[in-house]
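Here the structure is laid out as structure tokens; the discussion comes afterwards.
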2 protein chains.
Amino acid sequence: MAYAEQYIDKLRKSGLRPTKQRIKICEVLFDADKTFHFTIKELVKIIENQANIKVSLATVYNTVHAFIKKGYLKEIPLNSSQSYYDTNVTHHHHFFDEEDNKLIDIDQDDVDEINIRKKIPGKKIRSVEVIAKIVSDNQSQK
Amino acid sequence: MAYAEQYIDKLRKSGLRPTKQRIKICEVLFDADKTFHFTIKELVKIIENQANIKVSLATVYNTVHAFIKKGYLKEIPLNSSQSYYDTNVTHHHHFFDEEDNKLIDIDQDDVDEINIRKKIPGKKIRSVEVIAKIVSDNQSQK
DNA sequence: TCAACAGTTTAGAACTATTTTAATGTAATT
DNA sequence: AATTACATTAAAATAGTTCTAAACTGTTGA
């Protein structure tokens, strides 16, 4: 397992010791060649299905938050009862399908650069995100 | 009180009967010439301070949600433990100050029109919002 | 005026996501 | 192997939000 090195490295850089549970979390999050969106609940379910390792919610929350702090994961701002996370940490945007409660990536290239002309004294912009909410287009069905 | 008519109208259009409590909520939300951001907790506190009317959380939640459904209020997407609402229902964007947990409006005019080139079949865009997270600019202080 | 009814309000309970706690377990280092 | 420092865990705590069921209010019509 050549990936394991990477995971241990990521964990160490996040200030976490590489344990069985945490390496399993890394496998789920970083093994795929695709990036994806998830909630904590979903992540726990995936781990339970894929492995015979018990992981408590607390461990998952702690690990996910350490990765966010380090920049290995992103939190997606959404007014939903639960938080959504993204393994795609490149600069990009999102559709949120309000009917299916699904997130869809929008590449940075698909949106013109966003230039905000308003400035706040003493503050700098850390991130800019676009959320486009989408619903069924009934017009086109008629 | 000339405004009362408007409030009663808004309530009726939202499918709610105009009661003392609900009219009070309207007074707080729609009386000011300025728009503002609030959380449910803050709204309850304002009502308690301004009036001798008891309002339960349940009534406030129900009324706020009825107004959102009708488009008289907007929910602001933010990954925060509590929901933020906006009496400004025009198309605009936000700064979110991560240190003070404060929202600041950005006029639509201060951001170039956002053109998303990616399309999702059968879906249409209902809203597009920009959230720019800001923090202290330590660079400029050094 | 009064009874009946439909819709409201309310306190408190329930629910859900998240965080904390504190006891037990484990990895790393000597 | 012993020590130490950190991890894991279940369970409890917390906080925002939603639900519930009982009491209440105001309107209508006789």
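The values are calculated or read from the model by the stated rules, or taken from the named source; none is laboratory data. Note that the coordinates shown come from a computational prediction; the quantities given were computed from them, not determined experimentally. FYI the Cβ positions are ideal-geometry reconstructions off the backbone, even for glycines, and counts take in every protein chain you see. With ligands, DNA and RNA removed, areas are computed over all heavy atoms of the protein, side chains included. Shrake-Rupley method; radii C 1.70, N 1.55, O 1.52, S 1.80 Å.
Using a 1.4 Å probe on the heavy atoms of the protein chains only, list every residue of region B:74-92 that has 50 Å² or more less accessible area in the complete assembly than in its chain alone. Those residues are B:PRO77, B:ASN79. The phi torsions of region B:83-98, fed into the Karplus equation with coefficients 6.51, -1.76 and 1.60 and a -60° offset, translate into couplings of 7, 10, 10, 9, 7, 8, 9, 6, 6, 7, 10, 9, 8, 10, 7, 6 Hz, rounded to whole numbers, with Gly and Pro shown as x. Placing +1 on the Cβ of every Lys and Arg and -1 on the Cβ of every Asp and Glu, with nothing else charged, gives chain B a dipole about its Cα centre of roughly 1080 debye.
Taking the protein heavy atoms of region A:3-76 in the context of the full set of protein chains, the accessible area attributed to carbon and sulfur is 47 percent at 1.4 Å.
Pairs of Cα atoms nearer than 8 Å and 6+ residues apart set the relative contact order; for chain B it is 18 percent.
Farthest towards the positive end of the charge dipole of chain A, among the residues A:VAL135, A:PHE30, A:PRO121, is the Cα of A:PRO121, using unit charges on the Cβ of Lys, Arg, Asp and Glu. In a simple Cβ point-charge model (Lys, Arg +1; Asp, Glu -1; nothing else charged), the protein assembly as shown has a dipole of about 980 debye relative to its Cα centre. In nanometres and ascending order, the distances from the A:ILE53 label point to those of the other copies are 5.6 (point 7 Å from Cα along Cα→Cβ). May I ask for the accessible area buried between chains B and A, both sides summed, probe 1.4 Å, to the nearest 100 Å²? Accessible area lost upon association: around 3900 Å². The dipole here belongs to region A:3-76: it is taken about the Cα centre, uses +1 on the Cβ of Lys and Arg and -1 on the Cβ of Asp and Glu, and is about 300 debye. Peptide B:100-106 shows a mean partner chain C-beta count of 1 within 10 Å per residue C-beta.
Pairs spanning more than 26 Å between alpha-carbon atoms, out of B:LYS45/B:LYS102; A:LYS102/B:LYS45; A:LYS74/B:LYS102; A:LYS74/B:LYS118: A:LYS102/B:LYS45. In straight-distance terms, cross-link reach from A:LYS34 covers every one of the aspartates and glutamates whose alpha-carbon lies under 17 Å from its own, apart from those fewer than eight places away in the same chain; here that gives A:GLU42, A:ASP86, A:ASP105, A:ASP107.
For peptide A:114-122, the mean count of partner chain Cβ atoms within 10 Å of a residue's Cβ comes to 6. Shown for A:ASP137: label points 7 Å from Cα along the beta-carbon vector, and their distances to the equivalent points in the other copies, 4.0 nm in ascending order.
In this assembly of identical copies, the label point of A:LYS34 (Cα plus 7 Å along Cα-to-Cβ) is separated from its counterparts by 4.8 nm, sorted shortest first.
Measure nothing but the geometry: give the 0 to 90° angle between the long axis through the Cα atoms of A:57-70 and the longest principal axis through the Cα atoms of chain A, rounded to 10°. Helix A:57-70 sits roughly 60 degrees off the main axis of chain A. Solvent exposure of region A:1-64, expressed per residue, is 65 Å² of accessible area, with all protein chains present and a 1.4 angstrom probe. One decimal place: the segment A:THR90-A:PHE36 gains 18.2 nm when fully extended, by the rule 0.36 nm per residue minus the C-alpha distance. Once the Cα atoms are used to define both axes, helix B:3-13 deviates from the longest principal axis of chain B by about 80 degrees.
For region B:1-62, applying the loop criterion from DSSP together with a ceiling of 14 other beta carbons within 10 Å to the trypsin sites (Lys or Arg not before Pro) yields B:LYS34, B:LYS54.
When shorter helices are ignored and each DSSP H run of at least 4 residues is given -39500 (n - 2.57), the per-residue value for chain A at 222 nm works out to -10500 deg cm²/dmol. Relative to the longest principal axis of the Cα atoms of chain B, helix B:40-50 runs at roughly 50 degrees.
Close amide H pairs (under 5 Å, H built 1.01 Å from N) link B:LYS118 with no residue at least 5 positions away or on another chain. Among B:ILE114, B:ILE125, B:ILE23, the largest mean-square fluctuation in a Gaussian network model of chain B, built with springs joining Cα atoms closer than 10 Å, belongs to B:ILE125.
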